[in-house]
Amino acid sequence: MSQSATACVVFDDVEVLSGALFSWCAERSIGLRSQAGVSAAGAVIDLFFAGYRTQDEILGALNDRDGHEVVFAS
């Protein structure tokens, strides 16, 4: 795979991760730099590594965790 193709894949992944995080935090009026925002960012990354590849999949998994402490292994 060429370097530009690899960069596009990585950029797309970052868009998915950041979009999910921004949406989840905005829906709950949570600051991105707050402890809850940082915890959610870790959970988003863990979900991505667990195989969740779209923003909808990640948001669904985060919503399933809602009401529970957002814990991440990173």
Residue tally, condition in contact with a helix residue (DSSP H, G or I) (Cβ under 9 Å, 6 or more places away or on another chain), without any contact (Cβ under 8 Å) to a residue 12 or more places away in the chain, in a helix (DSSP H, G or I) and small (Gly, Ala, Ser), over the stretch 20-70: 0
Pick from the stretch 39-74, criterion surrounded by 15 or more Cβ atoms within 10 Å (Cβ to Cβ) and of a type in the set (Val, Ile, Thr), ranking: modelled with the lowest pLDDT: VAL70
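The values are calculated or read from the model by the stated rules, or taken from the named source; none is laboratory data. Quick caveat: nothing in here was measured; it's all calculated off a predicted structure. Note that each Cβ is placed from the backbone with ideal geometry, even for glycine, and that neighbours are counted across all protein chains shown.
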